[in-house]
Amino acid sequence: MNPASLIPLAEPVPIHWAWFDVLLIVTLTAHLIFMNALVGSAVIGLTRTLRGRGTVIREVGKKLPPLLALTINMGVAPLLFLQVNYGHFDYVSSVLMGGWWLAVIAALMFSYYGFYIYKFRYDRMGDSMRTALFATSILGLLYVGWMFSNNMTIMLRPEIWSRYFTAGGAFLNWSDPVIYPRFLHFMVGAVAVGGLFVALLGGFRANQDMIDTGMIWFTRGTLVNLAVGIWFLISLPQDILLAFMGRNIPATATLVASLVAAAFMLAAGFRKEPKKAAIWAVITVFIMVCTRHWLRTLFLAPWYSMESTPITGRYGSFFLFLGFLVVGLAAVAYMISLYFKSRQGRA
Ligand code: HEM
């Protein structure tokens, strides 16, 4: 079977596709930053508790329900933009994953309730029950992340789609050598940025132990992630690896820029400057997301090019979107200012 025959036709888009790519990259950056703070700080809190040093878990445990809500909210926007430009790949991979993909909703609700119960019933639970609840809630998050990595890699490989017929239904991307370093790269990055979140939280609480612990996880996690990143790079198909090694100048420049930003981030980490490190972390994640975007473009190149997307040129809905975006952002800014003026916010 010719895999190309399995790719649905691209739907026309109302405005130039680049708008959706930019919005996808920007909103995915926000999603990943919240996801990193969520997964990373939870893993650090749990590890400290298992080692018998348990105060970090209580502090981060209070922040996990809102962080999970923000991660989900910030995930909706890139999901929509992804479906606009790459729906004919992403819808297919979602369908091919079937129940594995649908179970993401159940896993998210499980983790959400778990973190809520941890926060609000903390004093009414025994130590082992608390730790078990916390650990299984983290497993729920890891399941969700793993499913996203599966979806985002199956969509890039139409040549494996026909497996659906031989595997007897829904399948995951276990046989892809790229998915393991890719997922690990996201998770180790999450632990590093989670460390930075713990350090920033420690700064607000004037808790030196949290600052020190967080910065150690941040710097060591980033160093480990450099090694995982190299593994990720060399696991890529040769033509894509070569594209990042100079054959495709913009892709190579993006990768180099992300590494330079990571070096600045790491330097701020070693100097124990959490706020500067946080600014560099946002810049690094943004450029890494751009690099990841190049990866998708290169993977899809044999099958599809965005340049061939039909554009209808109807700007009405776009202006409506921009209008709501501005009004929405103003409303959010107003709500945040009210929160900080309130007693709870000041405390
Ligand atoms: C809270 C648990 C979550 C975790 C741990 C998580 C983790 C991840 C990870 C690791 C990736 C990158 C996967 C890869 O490229 O290999 C990713 C991408 C993504 N996530 Fe999440 N995610 C979570 C929740 C969500 C939710 C609830 C949504 C949507 C409502 C969402 C939307 C997205 C989208 C759209 C992408 C990919 C965008 C793109 O390819 O451009 N995520 N997420």
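The values are calculated or read from the model by the stated rules, or taken from the named source; none is laboratory data. Keep in mind that this is a model prediction, so the values were computed, not measured. Virtual Cβ from ideal backbone geometry, glycine too; neighbours counted across all protein chains shown. Keep in mind that these areas ignore ligands, DNA and RNA; they rest on the heavy atoms of the full protein, side chains included. Shrake-Rupley method; radii C 1.70, N 1.55, O 1.52, S 1.80 Å.
In a reduced charge model with +1 at each Lys and Arg Cβ and -1 at each Asp and Glu Cβ, the range 12-314 shows a dipole moment near 860 debye about its Cα centre.
Measuring between their Cα centroids, the range 210-241 and the range 111-135 lie 31 Å from each other.
Restricting attention to the chain, the count of lysine pairs at 8 or more positions apart or across chains with alpha carbons under 23 Å apart stands at 8. In the chain, the portion of solvent-accessible area held by carbon and sulfur atoms comes to 71 percent [1.4 Å probe, whole percent, DNA, RNA and ligands not counted]. Think of the chain as having a plus end and a minus end, set by charges on the Cβ of Lys, Arg, Asp and Glu; of GLY126, SER93, PRO237, GLY126 sits farthest toward the positive end of this dipole.
Ordering 87-100, 46-59, 286-299 by mean Cβ neighbour count within 10 Å, with the highest value first, yields 286-299, 87-100, 46-59. Just to be sure I understand the curve: with the Debye formula and one point per C-alpha of the chain, what is log10 I(q)/I(0) at q = 0.07, 0.09, 0.10, 0.14 Å⁻¹? With one equal scatterer per Cα and no solvent, log10 I(q)/I(0) is -0.32, -0.54, -0.67, -1.29. Mean residue ellipticity, 222 nm, helices only, the chain: the sum of -39500 (n - 2.57) across DSSP H runs of n ≥ 4, divided by residue count and rounded to 500, is -27000 deg cm²/dmol. For the range 174-230, would you read off the P(r) tail past 16 Å as a percentage of all alpha carbon pairs? Summing the P(r) of the range 174-230 above 16 Å gives 46 percent of all pairs. Accessible surface computed residue by residue for the chain, with neighbouring protein chains in place and a 1.4 Å probe, gives 51 Å² per residue. State whether the range 73-118 is rounded, prolate or oblate according to the following rule on the C-alpha gyration tensor (a ≥ b ≥ c being the square roots of its eigenvalues): a/c under 1.5 gives rounded; otherwise a/b larger than b/c gives prolate, and the remaining case gives oblate. Since a/c reaches 1.5 but b/c is at least a/b, the shape of the range 73-118 is classed as oblate.
The C-alpha atoms of the range 211-347 occupy a region whose extents along the principal axes are 58, 51, 18 Å, arranged from largest to smallest. Short-range pairs are left out: with C-alpha atoms under 8 Å and at least six residues apart, the relative contact order of the chain is 23 percent.
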